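Some notes on the structure that comes next.
The values are calculated or read from the model by the stated rules, or taken from the named source; none is laboratory data. This is a predicted model, so every value here is computed, not measured. Please note: Cβ atoms are built from the backbone with ideal geometry, for glycine as well, and neighbour counts cover all protein chains shown. Each accessible area value is taken on the protein alone, full model and side chains, heavy atoms only, with ligands, DNA and RNA left out. Shrake-Rupley method; radii C 1.70, N 1.55, O 1.52, S 1.80 Å.
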Amino acid sequence: MITEVQTGIHPNNQVPELFGYNLYTSDPILRAALARAGASWGDAQLLRQGAEYGSEAALRMGEDAEVYAPELRTHSPTGERIDFVKFHPAWHEAMAMARRNGITNRPYIDTRASAWTVYGASLYMHSQIEPGSCCPSVMTKASIPVLQRNPALLHDLWPKLADTVHDPRDIPLTHKRSITVGMGLTEKQGGSDLRSNVTRAERVGHAGPWGDEFLITGHKWFLSAPMCDAHLVLAQTEAGTLSCFYVPRWQPDGRKNAIHLQRLKDKVGNRSNSSSEAEFHSAWGVMVGEPGRGIPILVEMAAYTRLDNVLASAGFIRRAFAQALHYARHRYAFGKALVDQPSMTELLADIALETQGATLLGMDLAARFGTSDPLDAAWRRLITPAAKFWVCKRAVTVVAEAMEVFGGNGYVEIGAMGRLFREAPVSSIWEGAGNVMCLDVLRAVARDPEGTARVLDWLDAATAGEARVRAQVRRVREALQRPAAEQERQARCTAQRLALCAQAALLLKHGSATIAQAFIASRFDPDWGALVGVRSGSSHPATLLRESWIEDAAGQATAAETIQQTA
């Protein structure tokens, strides 16, 4: 029988929950990204956020928001349509936390280019604690550049978009302090094929202060976050062209808009956030942007939320690593801590490489959203879909492996890993599944061959001296010269190579030499494959753990101390 004396933790060899640490200070690659982007002005804010996100109170909030799922109430007691979704108070706590930490608007209320980096760090940490609330928060942020296409509308909405206090009330916009904005694109017959949408928009016959007014009739198979105060909706005009419309829950005259929620989706994960099926029955709306440009406008919005998918998935990988490392340090088997078992050390080291590569790629991408540099613009177009494809896929794989570290203790709903496991696939699906992302890489190449060449040249230069990586960059170039049909057939392979080359180049440029060399030795080895933990690329895998986790000064046994003993 294992005793408390042997483990120093618990007489039953059970591992205490992980909380009471700082998500920011324990993450060396994250802090380095802030310094590199000239965003040290945000350090104090992120120190506060990191402590808040790592607290027991935040852990309980995330649990409650997930356990007590939202409820749809279509009618009032007197039979009126209210189409109201009731949330547990923990949901509104999470939304308030996201709002005050800048996830709904920071890059637009702070004009410094490095605001994108601070935003990225906040979202990355928030996704580790309550990812469901990220959805309406990041859609609100992504709606701002779309609403700029209707200046009069944006002028009136701006104070409510820019506010940093969450207002949960379901009331007309004129009485609200702040608002959230979602999207309504997908229809049951089309999915990703938005050109097949049949929702109609009929002109009312007169223009209001925000432009031509329309009545929207149709349905949306997925209306994410239906309690958003408004949605940007794709609909066919009488001319037969798809346009973008701003459709609020409440009309400007104070009447409830005719948006009927049919049911809430019973999702595999992400239970805290409500997703719905909705019907529009002559719902009032105004056009945003040029007629017939609805798809390009909303695809532009999706480009911002795809960045968010990368950051959130990097956050999932980070939390999986933190949970697995914590468990392995405190759980004993066969007379030793799991972290001291060679095969476990190798697995954790491989996950450490994943978290460093994903975090660095996501934070680098966020930083490039804040500039007009031609290389950064080309990088955004090409690397965003490749990163969304790769990092989101890796999150699913890594979380599953991290769950195995816990054994049966991980495969229960009580505990962090079950919720994380159910959550991980959503980012890979939302805003375009894997094949869509890989085809978007090819579209970016076709639309901007000069920009693509600029990115590949940068990768080539950044990996000078690393023949294995440069060989893969060359293979990407060659793949993009093949006939279109062959390019599409090999699109996943090309996107994977591109993402790995980008991660390797960034680690060589900005990471530690130890991590970079291990990443290249493993990921660019012919034997490296889908299974995590087969090869970490280092003969001293404990070193990779030491470089991926920094314990708070007030912590108990530090990761570095534990790993030093292992080494």
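Do we have L154 as free of Cβ contacts under 8 Å to residues at least 12 places away in the same chain, open to solvent by 10 Å² or more (accessible area, probe 1.4 Å), in contact with a helix residue (DSSP H, G or I) (Cβ under 6 Å, 6 or more places away or on another chain) and of a type in the set (A, V, I, L, M, F, W, C) here? In short, yes. When each of S143, S122 is tested for being within 19 Å of P296 (Cβ to Cβ), hydroxyl-bearing (S, T, Y), touching a residue at least 24 places away in the same chain (Cβ under 8 Å) and open to solvent by less than 40 Å² (accessible area, probe 1.4 Å), the lone residue that passes is S143. Of the listed requirements (1) open to solvent by 10 Å² or more (accessible area, probe 1.4 Å); (2) touching a residue at least 12 places away in the same chain (Cβ under 8 Å); (3) in a helix (DSSP H, G or I), D457 misses just one: (2). Taking R149, is it surrounded by 15 or more Cβ atoms within 10 Å (Cβ to Cβ), more than 21 Å from G62 (Cβ to Cβ) and in contact (Cβ under 8 Å) with a residue 12 or more places away in the chain? It is true that R149 is surrounded by 15 or more Cβ atoms within 10 Å (Cβ to Cβ), more than 21 Å from G62 (Cβ to Cβ) and in contact (Cβ under 8 Å) with a residue 12 or more places away in the chain. If you filter the stretch 176-207 down to residues that are assigned to a loop (DSSP other than H, G, I, E, B), under 27 Å from L161 (Cβ atoms) and among the aliphatic types (A, V, I, L, M), you find that the one that is modelled with the highest pLDDT is I179. Listed by first and then second residue, the pairs linking a residue in the stretch 434-448 that is acidic (D, E) to a residue that is crowded, with 16+ Cβ neighbours inside 10 Å, with Cβ atoms under 8 Å apart and 6 or more places separating them unless they lie on different chains, are D440/P385; D440/G432; D448/A378; D448/R381; D448/L382. If the condition is being open to solvent by less than 10 Å² (accessible area, probe 1.4 Å) and under 18 Å from F519 (Cβ atoms), then the stretch 460-484 contributes T463, V469, V473, V476. For D229, the conditions (1) at negative phi; (2) out of contact with any Lys or Arg (no Cβ under 7 Å at 6 or more places or on another chain); (3) open to solvent by less than 20 Å² (accessible area, probe 1.4 Å) all hold with the exception of (2). P296 meets each of the listed conditions (1) part of a helix (DSSP H, G or I); (2) in contact (Cβ under 8 Å) with a residue 12 or more places away in the chain; (3) open to solvent by 10 Å² or more (accessible area, probe 1.4 Å); (4) not hydrophobic (A, V, I, L, M, F, W, C) apart from (2). If you go through the stretch 326-355 and pick out every residue that is aliphatic (A, V, I, L, M), open to solvent by 10 Å² or more (accessible area, probe 1.4 Å) and over 30 Å from the mean Cα position of the chain (by Cα), you end up with 2.
Has the stretch 88-98 got any residue that is of a type in the set (F, W, Y) and either closer than 21 Å to A278 by Cβ or open to solvent by less than 10 Å² (accessible area, probe 1.4 Å) (or both)? First the steps, then the outcome.
Keep residues of the stretch 88-98 that are of a type in the set (F, W, Y), which gives 91.
Going one step further and asking which of them are either closer than 21 Å to A278 by Cβ or open to solvent by less than 10 Å² (accessible area, probe 1.4 Å) (or both), we end up with 91.
Checked the stretch 88-98: at least one residue is of a type in the set (F, W, Y) and either closer than 21 Å to A278 by Cβ or open to solvent by less than 10 Å² (accessible area, probe 1.4 Å) (or both).
Annotation note: of L365, L360, L375, the sole residue that is open to solvent by less than 30 Å² (accessible area, probe 1.4 Å) and farther than 25 Å from P541 by Cα is L365. Taken residue by residue, the stretch 164-174 has at least one member that is open to solvent by 40 Å² or more (accessible area, probe 1.4 Å), in a loop (DSSP other than H, G, I, E, B), of a type in the set (S, T, N, Q) and farther than 30 Å from G434 by Cβ.
For G370, indicate whether it is modelled with pLDDT under 95, over 18 Å from A113 (Cα atoms) and either part of a helix (DSSP H, G or I) or out of contact with any Lys or Arg (no Cβ under 6 Å at 6 or more places or on another chain) (or both). In short, no.
Does the stretch 419-427 include one or more residues that are aromatic (F, W, Y) and either open to solvent by less than 20 Å² (accessible area, probe 1.4 Å) or assigned to a loop (DSSP other than H, G, I, E, B) (or both)? No; the residues of the stretch 419-427 include none that is aromatic (F, W, Y) and either open to solvent by less than 20 Å² (accessible area, probe 1.4 Å) or assigned to a loop (DSSP other than H, G, I, E, B) (or both).
Say whether the condition of being β-branched (V, I, T) and open to solvent by 10 Å² or more (accessible area, probe 1.4 Å) is met by at least one residue in the stretch 302-309. There is no residue in the stretch 302-309 that is β-branched (V, I, T) and open to solvent by 10 Å² or more (accessible area, probe 1.4 Å). Tell me which residues, restricted to the stretch 24-56, are closer than 21 Å to R112 by Cβ, charged (D, E, K, R) and in contact (Cβ under 8 Å) with a residue 60 or more places away in the chain. Once the filter is applied, which keeps residues that are closer than 21 Å to R112 by Cβ, charged (D, E, K, R) and in contact (Cβ under 8 Å) with a residue 60 or more places away in the chain, the stretch 24-56 yields only R36. The set of residues from the stretch 11-58 being open to solvent by 20 Å² or more (accessible area, probe 1.4 Å), polar (S, T, N, Q) and part of a helix (DSSP H, G or I) comprises S40, Q45.
The requirement of being of a type outside the set (A, V, I, L, M, F, W, C) and closer than 30 Å to D253 by Cα is fulfilled nowhere in the stretch 302-310; no residue meets it.
Is it the case, given these coordinates, that A113 is more than 24 Å from M227 (Cα to Cα) and touching a Ser or Thr at 6+ places or on another chain (Cβ under 7 Å)?
Values: more than 24 Å from M227 (Cα to Cα): yes; touching a Ser or Thr at 6+ places or on another chain (Cβ under 7 Å): yes.
Spelling it out, A113 is indeed more than 24 Å from M227 (Cα to Cα) and touching a Ser or Thr at 6+ places or on another chain (Cβ under 7 Å).
Scanning the stretch 232-256 for residues that are touching a residue at least 60 places away in the same chain (Cβ under 8 Å) and in a strand (DSSP E or B) turns up L232, L234, C244, Y246, V247, P248, W250, K256. Going through the stretch 523-545 one residue at a time, which ones are open to solvent by 80 Å² or more (accessible area, probe 1.4 Å) and modelled with pLDDT of 70 or more? Hits for the stretch 523-545 are P526, D527, S539, H540. One residue is enough: does the stretch 391-409 have a residue meeting the conditions outside any helix (DSSP H, G or I) and surrounded by fewer than 17 Cβ atoms within 10 Å (Cβ to Cβ)? No: zero hits.
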